[in-house]
Each structure stands twice: as structure tokens, then as C-alpha cells.
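All remarks here apply to the structure that follows.
The values are calculated or read from the model by the stated rules, or taken from the named source; none is laboratory data. Small disclaimer: the values here were computed from a predicted structure and weren't measured. Positions of Cβ are backbone-derived with ideal geometry, glycine not excepted, and every protein chain shown enters the neighbour counts. For the accessible areas, the whole protein counts, side chains as well, though only heavy atoms, and no ligand, DNA or RNA atoms are used. Shrake-Rupley method; radii C 1.70, N 1.55, O 1.52, S 1.80 Å.
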Amino acid sequence: MKELVGTGVALVTPFNTDLSVDVSALRNIVEYNIDNGVDYLVVLGTTAEAVTLTKEEKQQVIDTVVTVNAGRLPLVLGIGGNNTMAVVAELKERDLSDFVAILSVSPYYNRPTQEGIYQHFKQISLASPKPIIVYNVPGRTGANMLAETTVRLANDFKNIVAIKEACGDMVQILSIIKDKPKDFMVISGDDFTALSTVLAGGSGVISVIGQGLPLEFSRVIQLGLQNNAVEAHQMYNAMHKGIDLIFREGNPAGIKAMLENIGLSTAKVRLPLMEASLDLKTRLNDYMRSFKKELV
């Protein structure tokens with residue numbers, strides 16, 4: 001799965017002021033990321049507010065991204081949930097021909113045991129016609145998928161090819177990297193630990209800030225993959241404040257405020273999320289101005 005090495009970005013779903021899907025803005029965001037060197041695009045993940053989209057809107061987003069991308073970058077589709085049989089049904093029903101892999105989040109809210117998480121992904125593995133990236137994000141799901149469970153899945157199911165790991169715990173990440181099968185990929189799901197993960201032997205990142213600063217963040221990850229830790233850290237340190245800012249009021253409120261600053265979309269989000277505050281927007285505007293000056 002060389003297509004998944006480097007920087008993937010979890011695309012937002014931009015909204016018009018009436019909260020309808022802004023197809024024009026989505027086209028522009030896709031082009032912006034392609035033009036600025038990201039390696040692949042992730043459609044309908046958490047950052048896309050997928051849980052607030054109707055079935056028709058999800059298809060609209062998929063069709064827009066596929067059409068604009070026109071085969072230029074690999075695409076990954078988010079298909080996950082806390083109802084195992086519903087996820088299996090969607091895998092069987094949806095046309096996945098334009099995607100190289102699916103991204104499937106560990107079950108949320110139910111708080112399953114490790115065996116429950118394993119059995120959930122076993123059913124997804126048996127049903128999926130595409131390679132699978134399992135996604136561990138305990139801050140959202142309420143249940144951490146332990147390193148032992150990840151390695152067990154990687155060993156038992158050949159189409160489970162990677163984990164997007166957003167536990168925020170480098171000890172757990174290092175345990176997976178140490179014990180995983182050779183070809184299994186550890187992809188950071190956390191911009192704060194992305195460079196550390198890559199330097200430790202990870203394959204890259206599925207990023208949030210990479211969508212707003214695709215050229216710069218992709219460069220950081222490439223330097224990390226080349227084991228150029230000094231230059232990578234120099235660039236990453238300049239981006240650290242921006243990463244902190246975009247998560248202060250939750251995701252994707254912060255990254256949408258950054259995209260608004262760039263002129264790519266509005267900062268609108270759907271309830272129960274709230275649009276970034278004026279204070280955060282001001283801080284992001286100040287950061288973007290100083291960051292651009294720092295690059296000159």
C-alpha cells in the first residue's frame with residue numbers, strides 16, 4: 001500500500017451560510033491540496049462531519065471529490081460506526097471502485113471490550129472488498145484499542161493493512177511499531193504526534209492541519225520519512241502553534257476557520273458543533289500572518 005505513505009488529509013465538508021454543502025468550495029479545497037503536494041485524500045472521515053450528513057449529501061461529497069480528483073491522487077473512504085452489521089451492509093452496498101482503501105473507526109459510545117473491537121473488525125475484514133485502515137481515536141470513541149488488539153488484527157487479517165492511530169500515547173504507538181507485521185502500516189491520526197510517529201518508523205499521517213497548510217506539512221512528513229529529523233523539527237516547530245489553535249475549540253471548527261482565513265470556504269459547521277469564536281479566528285489570522293513571514 002505505497003499509496004498510503006506520506007501525508008493524507010481528512011477533508012472537511014464545507015458549508016454555505018445556509019448550511020447546505022458548498023460543492024464549489026469542496027472543489028477548491030481538493031484542488032488546493034492536490035496542487036500543494038499531499039499524497040492522498042480521505043473522504044467522509046470525522047473531520048468531514050459525516051455523522052451530520054444525509055445519505056444524499058454523502059454521495060454528493062463522494063461524487064464531487066472523485067470528479068475533481070480525476071484519478072490524480074489515491075482516495076480513501078470513511079466507512080465506520082458502532083453498529084457492526086450496518087457497517088458491513090454499507091461495505092456491501094457502496095461502490096468503492098474509486099477508492100484504494102477504507103478507513104473504519106473503532107466502535108464508539110458502546111464501549112466494547114478488546115474482544116468486541118476485534119470481532120467488529122473481523123466482520124468488516126470479511127465483508128470489505130478493499131484494504132482496511134482501522135482507526136483508533138479513544139478521545140472520541142470512549143474505548144482505546146490496545147496495541148495487542150491492533151497487532152492481533154494485523155496478523156490475522158491480510159486486508160487490514162494499516163492503523164490510523166490517534167491515541168496520543170507514544171508508548172502505545174511504539175509498541176505497535178515494534179510488534180506489527182513487516183508490511184503493516186502505522187499512520188498517525190494526530191498532528192501533534194505525527195512527526196514523532198514517522199521518525200519512529202511510522203508511514204505518515206492522516207492530517208487535519210495538512211489541509212490548511214498542505215505544502216508545509218507534507219514537507220515535514222517527507223523530511224521525517226527521510227530521517228532528516230533536524231530540518232523536520234525546525235519546520236514542525238513553526239507549525240506547532242497552528243496545530244494547537246485549530247484544536248482549541250474542537251475539530252473541524254478550527255480547521256474550517258483556517259480555511260476561511262485562506263479564502264477557501266466559510267467556517268460554518270453543523271450543530272451540535274459551534275463555529276469558531278471571534279477570538280480564535282483572530283488568533284488564527286495572527287498566526288497565519290506570522291507563519292507566512294517566517295517562511296519568507
Does at least one position in the range 244-260 carry a residue that is over 19 Å from the mean Cα position of the chain (by Cα), at pLDDT 95 or above, open to solvent by 10 Å² or more (accessible area, probe 1.4 Å) and over 30 Å from Phe184 (Cα atoms)?
yes
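Each row is one residue, and each column tells you yes or no for (1) over 18 Å from Ile163 (Cβ atoms); (2) surrounded by 24 or more Cβ atoms within 10 Å (Cβ to Cβ).
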residue: Ser175; (1), (2): no, no
residue: Lys178; (1), (2): no, no
residue: Asp191; (1), (2): no, yes
residue: Thr197; (1), (2): no, yes
residue: Ser203; (1), (2): no, no
residue: Ser207; (1), (2): no, yes
residue: Gly212; (1), (2): yes, yes
residue: Ser218; (1), (2): yes, no
residue: Gln222; (1), (2): yes, no
Take the residues in the range 102-142 that are open to solvent by 10 Å² or more (accessible area, probe 1.4 Å) and among the aromatic types (Phe, Trp, Tyr), then tell me which one is nearest to the chain's Cα centre (by Cα).
Tyr135
(1) in a loop (DSSP other than H, G, I, E, B); (2) within 26 Å of Leu264 (Cα to Cα) all hold for Leu77 apart from (1)
List, please: which pairs have Cβ atoms under 8 Å, are six or more places apart or on different chains, and start with a residue in the range 50-71 that is more than 15 Å from Asp98 (Cα to Cα) and end with one that is crowded, with 19+ Cβ neighbours inside 10 Å and of a type in the set (S, T, N, Q)?
Ala50/Thr13; Leu53/Thr13; Glu57/Thr13
For the range 1-40, how many residues meet the condition of being open to solvent by 30 Å² or more (accessible area, probe 1.4 Å), under 30 Å from Ala154 (Cβ atoms) and in a loop (DSSP other than H, G, I, E, B)?
4
Pairs please, first residue from the range 254-267 and basic (Lys, Arg), second anywhere and open to solvent by 50 Å² or more (accessible area, probe 1.4 Å), Cβ atoms under 8 Å, 6+ apart in sequence or on different chains.
Lys256/Lys268; Lys256/Glu275
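Each row is one residue, and each column tells you yes or no for (1) assigned to a helix (DSSP H, G or I); (2) acidic (Asp, Glu); (3) open to solvent by less than 10 Å² (accessible area, probe 1.4 Å); (4) out of contact with any Cys (no Cβ under 9 Å at 6 or more places or on another chain).
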residue	(1), (2), (3), (4)
Val51	yes, no, no, yes
Glu56	yes, yes, no, yes
Thr64	yes, no, no, yes
Thr67	yes, no, no, yes
Leu73	no, no, no, yes
Gly81	no, no, yes, yes
Val87	yes, no, yes, yes
Leu91	yes, no, yes, yes
Ser97	no, no, no, yes
What is the residue count in the range 261-296 for residues that are surrounded by 11 or more Cβ atoms within 10 Å (Cβ to Cβ), at pLDDT below 95 and either outside any helix (DSSP H, G or I) or of a type in the set (Gly, Ala, Ser) (or both)?
1
Log entry, pairs with first residue in the range 197-208 being within 15 Å of Pro74 (Cα to Cα), second being of a type in the set (Lys, Arg) and crowded, with 24+ Cβ neighbours inside 10 Å, beta carbons closer than 6 Å, six or more apart or on different chains, reads Ile206/Lys164
